[in-house]
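A.B. asks: Before I ask anything, let me first share the structure, which is written out below as structure tokens.
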Amino acid sequence: VTEVAVPARDARPGGRWSTPSLVEDVLHLAAVERAVAHVTAGWVPKVPELDAKLRLADGLEGAMARAVALREHARTLLERDDEALRADPAWVEPLRALDRSADPVAVVDGVVDDAGAFLAARYRDLAGQLDPLYDARLLATVHTAVDALARRAGQPGPVAASLGAGRSSGPAEAAPLDALVWAPVDRVPVPARPAGRRRPLPGAMGHLRIGSRRELHNVAGELNENVTAELCALELLCRCAYEHPELAWSTQLGMARHAADESRHAAMFRRLLAERGIDEAGLPQHATNYELAYEFPDCEPGSGKELVWRLLLLCTVLEALAIDKIPPEIATLDWLDQPDIARALDYIAADELFHVDHGLRLTRELCAEHGLDPVLERELVHGRFFGRQRDLRSRYLEADPERAAQEIAALAGPDPDGVPFQSRTERELRRRVSFTEAEIDQVDRWGYNPRSAG
Ligand SMILES: [Fe+2]
Ligand SMILES: [Fe+2]
């Protein structure tokens, strides 16, 4: 029997696919998008100015979503051979260099404008080469990318030039795509905040409400505290993503989506401030929730347990408490005739359910991986976080007894607005986001709400 050699498909006139370098083009774009998401996540907490911080953050989910989609397109073309998902580290070296920069402005411009322009041009080139029928799915991803980047990117500059040079050097050294992004270059225990804005003393309340909630200074103070809480959530998630590049891309995408919500929430509260003509420059700034949840004496820095503690605290303690606290807050705002803020909170409350749901599932997975019990670890991190908060508060109060007496009187005095709404443990909402009955009893026991009936 004479065996006839099977013709090499790549040797076909025009190549195997619609364009000869299709697989490599897709792997290259996946690699660059993943690296853009990585630099973005690492840097959001390090950018001081809020407009720039949120502009950078707003690219995270899109970049990670495109990276995941492109990885999947490549996997399809490679007949689901995960071993063949490879990329040249030189492709992303310019972004790695940018990550080592010390200049936040250079990083934001380099990632958003410059790398964005490079990607937009690559996607446009690819769109021109694809077959509308054979490559229909890939083309849909590419068109979405072209639209998204056209709205965001600026002019190509040095980053685009070196990304282009890295690509044309060819796949000299192909590393596994999933291991392409680098280990974190630093830790960020204190995130950057705008220069020149007052910072409350440790242990002071971010906003001490004196007088009616209808007064503009109180509206401003509370909106500003909300901006702060959203920024802290955004920044902590970003660092969780960046400091753990070993997490699966699908996990990274979940965190990016969650972070994108927090970025949008911060923008919502900033818009409500601007619509009232309130200048943020006169309002205090801090990052207490981030700082108290970033690292713990109980966890080795950078460890899986530290990641679990951060996520348990943020997603399953603080954001879960928001599930209980937001409904009476919305009722109060409607009742006080502040419907624009009430509507913003309605949107945020809906997102919060996703955040808790996502956080519960993710921490259960991570706990299983590290041999930890999520209910016990939640109890421990809850104690550690609020214990630190209480210690800071005690030291602040003890430092100035007269000031302490005034603040306590303001907090204990009658509510001038007579707000009739009270929080409760939202058992049904908590069930919907996958809390077990034992976990709902756990929060009930902590006593932040009057005990619920079950
Ligand atoms: Fe939020
Ligand atoms: Fe949230």
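No lab work stands behind these numbers, since they all come straight from the coordinates. None of the values given here were measured: they were computed from a predicted structure. Cβ: placed from backbone, ideal geometry, glycine included. Neighbour counts: every protein chain shown.
A.B. asks: Could you go through the stretch 407-430 and let me know if any residue there is more than 27 Å from the chain's Cα centre (by Cα) and under 22 Å from F354 (Cβ atoms).
C.D. replies: Within the stretch 407-430, the first condition is being more than 27 Å from the chain's Cα centre (by Cα), and the residues that meet it are 407-424.
When the remaining residues are screened for being under 22 Å from F354 (Cβ atoms), the result is 423-424.
Looking for residues that are more than 27 Å from the chain's Cα centre (by Cα) and under 22 Å from F354 (Cβ atoms), one finds at least one in the stretch 407-430, hence yes.
A.B. asks: Moving on to the next point. Within 16 Å of ligand 2 (Cβ to nearest atom), assigned to a helix (DSSP H, G or I) and not basic (K, R): is that true of I348 in this structure?
C.D. replies: Numbers: within 16 Å of ligand 2 (Cβ to nearest atom): yes; assigned to a helix (DSSP H, G or I): yes; not basic (K, R): yes.
Considered against the rule, which asks whether it is within 16 Å of ligand 2 (Cβ to nearest atom), assigned to a helix (DSSP H, G or I) and not basic (K, R), I348 comes out as yes.
A.B. asks: Checking L247 against (1) surrounded by 22 or more Cβ atoms within 10 Å (Cβ to Cβ); (2) more than 29 Å from R198 (Cβ to Cβ); (3) of a type in the set (A, V, I, L, M, F, W, C), which test does it fail?
C.D. replies: Among (1) surrounded by 22 or more Cβ atoms within 10 Å (Cβ to Cβ); (2) more than 29 Å from R198 (Cβ to Cβ); (3) of a type in the set (A, V, I, L, M, F, W, C), the lone unmet condition for L247 is (1).
Here is a yes/no grid of residues against (1) crowded, with 20+ Cβ neighbours inside 10 Å; (2) out of contact with any helix residue (DSSP H, G or I) (no Cβ under 8 Å at 6 or more places or on another chain); (3) under 26 Å from L429 (Cα atoms):
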site: E295; (1), (2), (3): no, no, no
site: P301; (1), (2), (3): no, yes, no
site: R310; (1), (2), (3): yes, no, yes
site: T316; (1), (2), (3): yes, no, yes
site: D334; (1), (2), (3): no, no, yes
site: D340; (1), (2), (3): no, no, yes
site: R343; (1), (2), (3): no, yes, yes
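A.B. asks: Taking only the stretch 388-426 into account, find how many residues are of a type in the set (A, V, I, L, M), more than 26 Å from E291 (Cβ to Cβ) and surrounded by 12 or more Cβ atoms within 10 Å (Cβ to Cβ).
C.D. replies: At the first step, the residues of the stretch 388-426 found to be of a type in the set (A, V, I, L, M) are 392, 397, 399, 404-405, 408-412, 419.
Filter once more, keeping what is more than 26 Å from E291 (Cβ to Cβ): 405, 409, 412, 419.
If we keep only those that are surrounded by 12 or more Cβ atoms within 10 Å (Cβ to Cβ) too, we end up with 419.
Selection size over the stretch 388-426: 1.
A.B. asks: Across the stretch 235-256, what is the total count of residues that are away from ligand 2 (no atom under 16 Å from the Cβ) and either of a type in the set (G, A, S) or under 24 Å from A409 (Cα atoms) (or both)?
C.D. replies: Step one: filter the stretch 235-256 for residues away from ligand 2 (no atom under 16 Å from the Cβ), giving 242-253.
Now narrow it down to the ones that are either of a type in the set (G, A, S) or under 24 Å from A409 (Cα atoms) (or both): 248, 250.
Adding up the residues that qualify gives 2.
A.B. asks: Next question. For the stretch 145-158, check the following and say yes or no: at least one residue is under 30 Å from R395 (Cα atoms) and either crowded, with 16+ Cβ neighbours inside 10 Å or not basic (K, R) (or both).
C.D. replies: Applying the first criterion (under 30 Å from R395 (Cα atoms)) to the stretch 145-158 yields none.
Within the stretch 145-158 (the criterion being under 30 Å from R395 (Cα atoms) and either crowded, with 16+ Cβ neighbours inside 10 Å or not basic (K, R) (or both)), the answer is no, since none of the residues qualifies.
A.B. asks: Let me ask something additional. All but one of (1) touching a residue at least 60 places away in the same chain (Cβ under 8 Å); (2) surrounded by fewer than 23 Cβ atoms within 10 Å (Cβ to Cβ); (3) away from ligand 1 (no atom under 13 Å from the Cβ) hold for D351; which doesn't?
C.D. replies: Single failed check for D351: (3).
A.B. asks: Which one of P374, P327 is within 16 Å of ligand 2 (Cβ to nearest atom), farther than 22 Å from A260 by Cα and not acidic (D, E)? Steps first, please.
C.D. replies: On the way: P374 fails: within 16 Å of ligand 2 (Cβ to nearest atom).
Just one listed residue meets the conditions, P327.
A.B. asks: I'd like to know if the stretch 212-234 contains one or more residues that are in a helix (DSSP H, G or I), within 14 Å of ligand 2 (Cβ to nearest atom) and of a type in the set (G, A, S).
C.D. replies: The initial filter retains those residues of the stretch 212-234 that are in a helix (DSSP H, G or I), namely 216-234.
Imposing the further condition that a residue be within 14 Å of ligand 2 (Cβ to nearest atom) reduces the set to 226-234.
Still in the running and of a type in the set (G, A, S): 229, 233.
Yes, the conditions are met somewhere in the stretch 212-234.
A.B. asks: Kindly indicate whether any position in the stretch 52-59 is surrounded by 23 or more Cβ atoms within 10 Å (Cβ to Cβ) and of a type in the set (D, E, K, R).
C.D. replies: Filtering the stretch 52-59 down to residues surrounded by 23 or more Cβ atoms within 10 Å (Cβ to Cβ) leaves 53, 56-57, 59.
If we keep only those that are of a type in the set (D, E, K, R) too, we end up with 53.
Checked against the condition, which is being surrounded by 23 or more Cβ atoms within 10 Å (Cβ to Cβ) and of a type in the set (D, E, K, R), the stretch 52-59 yields at least one hit.
A.B. asks: Further question on the same structure: Taking the stretch 311-332, which residues are out of contact with any His (no Cβ under 9 Å at 6 or more places or on another chain) and either away from ligand 1 (no atom under 16 Å from the Cβ) or at positive phi (or both)?
C.D. replies: P328, A331, T332 - these are the residues of the stretch 311-332 that are out of contact with any His (no Cβ under 9 Å at 6 or more places or on another chain) and either away from ligand 1 (no atom under 16 Å from the Cβ) or at positive phi (or both).
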